[in-house]
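The values are calculated or read from the model by the stated rules, or taken from the named source; none is laboratory data. Source: prediction; values computed, not measured. Cβ: placed from backbone, ideal geometry, glycine included. Neighbour counts: every protein chain shown. Each accessible area value is taken on the protein alone, full model and side chains, heavy atoms only, with ligands, DNA and RNA left out. Shrake-Rupley method; radii C 1.70, N 1.55, O 1.52, S 1.80 Å.
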Amino acid sequence: MAKVDKKFLKSLLETPSVTGTEAKVASLLRERLASVASEIETDVMGSVHAKLEGTAKAPSVMIAAHMDEVGLMVTYISPEGFLSVSSVGGVDAAILPGMRVDVHTESGTLRGVVGRKPIHLIEPDERKSVTPIHNLVIDLGMPAKKVKKLVRIGDTITYGVGFEKFGKGMAVSRGFDDKMGVYIAARVMEEVAKAGGAQGDYICVGTVQEEIGLRGAETSAYGVHPDVGIALDVTHATDYPGIDQSRYGKIVCGQGPVIARGPNINPVVFERLVAAAEAEGIKYQIEAEPGVTGTDAAKIQTSRGGKACGLVSVALRYMHTPTEVLALSDLEDTVALLTRFILDLDDDVSFVPGV
């Protein structure tokens, strides 16, 4: 990964974007693609649509990655200045006690800690259960008067960690889900442009509010109205202890992009993604999706009269935690796969199943 690309990825990951507050990440995406895209628009929801115009007549392709991350929201400030919170998206209450967090206010970011009674003061029976989020508090370490001056109900909170490389080719951060997808979608546009452009339009889309119901994908798929829509997201790696591979499949970090197959996926798109990977000599994995996926693909496929839909994922360990882990090589391989898929499209292809 080039130094400038690593800096872009790190900026995306460390810029707070709890669902509903994606504007700063949207700004990073617009800035990155300003000199590449033919045009960039941001819709009223906050999703970014960056288009690279095609050189001929071929199917248009939208690749959508969501810009939002899970987090917390301030719901109450106690007389003593402690914050009560609710989750935004799927936050596991079990991981929160003792964590350092960042509270994002109008005047800046405040460091807080998630407080809970120490084990010495917890009754034996209580130790066996997870403390629910509504019973946790966030301590800002300052007088109540100052807390109430700086913090407002509805302020958002992120895990207080960022991007770090570790081990051999691995990286850890909050927010890989799905800001690594935003990184890939932007890099694909740069690579397609470097190759002289595709025959059809390519639209890089950063969607909003995926974590609370795929809301940005629904409006973007309708507004962009592409011929092909590919959701780009993370999927659960199953390469560490405690995961039943016979139930969840074998998905391994560092073994290449994961191509979904199932009713949510257009069979022609699936086969062409596989062909693109094989043409590029890229390792790839196949994931069975027997129902509607929990990704932007669910909304893309049924937009307007229906879309030829695909889903490409990157294997991720420990999803929705402060320590999401992936292999950096999988990001670059996914860029190469999707670039080849787009460049290989021409006006002869039909995505109608069986035709």
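Output the number of the condition that residue 36 fails; it satisfies all remaining conditions of (1) within 30 Å of residue 108 (Cα to Cα); (2) outside any helix (DSSP H, G or I); (3) touching a residue at least 24 places away in the same chain (Cβ under 8 Å).
Only one criterion is unmet by residue 36, namely (1).
Consider region 117-134. How many of its residues are surrounded by 12 or more Cβ atoms within 10 Å (Cβ to Cβ) and either in contact with a strand residue (DSSP E or B) (Cβ under 8 Å, 6 or more places away or on another chain) or farther than 20 Å from residue 321 by Cβ (or both)?
4
What number of residues in region 1-20 are of a type in the set (S, T, N, Q) and either assigned to a helix (DSSP H, G or I) or at pLDDT below 95 (or both)?
Final tally of qualifying residues: 1.
Could you list, in sequence order, the residues of region 302-336 that are surrounded by 22 or more Cβ atoms within 10 Å (Cβ to Cβ) and under 28 Å from residue 355 (Cβ atoms)?
Within region 302-336, 307, 308, 309, 310, 311, 312, 313 meet the criteria.
Could you give me the residue pairs with C-beta distances under 6 Å whose first residue belongs to region 146-171 and is farther than 15 Å from residue 80 by Cα and open to solvent by 30 Å² or more (accessible area, probe 1.4 Å), whose second residue is in a loop (DSSP other than H, G, I, E, B) and among the charged types (D, E, K, R) wherever it lies, and which are 6+ apart or on separate chains?
Every condition considered, the pairs that remain are 161/174.
Can you tell me which residue is surrounded by the most Cβ atoms within 10 Å (Cβ to Cβ) among those in region 1-54 that are among the polar types (S, T, N, Q) and more than 17 Å from residue 210 (Cβ to Cβ)?
Here the residue is 11.
Out of the helices (runs of 4 or more DSSP H) lying entirely within region 253-355, which hold 1 or more residues that are in contact (Cβ under 8 Å) with a residue 12 or more places away in the chain and more than 19 Å from the chain's Cα centre (by Cα)? Spell out the reasoning first.
Details: elements: 267-280, 297-301, 328-343.
Output list reads 267-280, 328-343.
Please go through (1) closer than 22 Å to residue 69 by Cβ; (2) modelled with pLDDT of 95 or more; (3) touching a helix residue (DSSP H, G or I) at 6+ places or on another chain (Cβ under 8 Å) for residue 152 and return the number of the only condition it doesn't satisfy.
(3)
Considering only region 221-248, state which residues are closer than 18 Å to residue 177 by Cβ and either in contact (Cβ under 8 Å) with a residue 40 or more places away in the chain or outside any helix (DSSP H, G or I) (or both).
Of everything in region 221-248, those that are closer than 18 Å to residue 177 by Cβ and either in contact (Cβ under 8 Å) with a residue 40 or more places away in the chain or outside any helix (DSSP H, G or I) (or both) turn out to be 230, 231, 232, 233, 234, 235, 236, 237, 238, 239, 240, 243.
Among the candidates 283, 299, which residue alone is modelled with pLDDT of 95 or more, among the basic types (Lys, Arg) and buried (at least 23 other Cβ atoms within 10 Å of the Cβ)?
Result: 299 is the single residue among 283, 299 that is modelled with pLDDT of 95 or more, among the basic types (Lys, Arg) and buried (at least 23 other Cβ atoms within 10 Å of the Cβ).
Quick grid of which residues meet (1) under 24 Å from the mean Cα position of the chain (by Cα); (2) of a type in the set (Ser, Thr, Tyr):
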{"position": "69", "(1), (2)": "yes, no"}
{"position": "72", "(1), (2)": "yes, no"}
{"position": "75", "(1), (2)": "no, yes"}
{"position": "78", "(1), (2)": "no, yes"}
{"position": "83", "(1), (2)": "no, no"}
{"position": "87", "(1), (2)": "yes, yes"}
{"position": "92", "(1), (2)": "yes, no"}
{"position": "104", "(1), (2)": "yes, no"}
{"position": "112", "(1), (2)": "no, no"}
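Here's a check for you: in region 39-92, which residue that is touching a Leu at 6+ places or on another chain (Cβ under 6 Å) and in a loop (DSSP other than H, G, I, E, B) is farthest from residue 24 (Cα to Cα)?
Going through the qualifying residues, I end up with 58.
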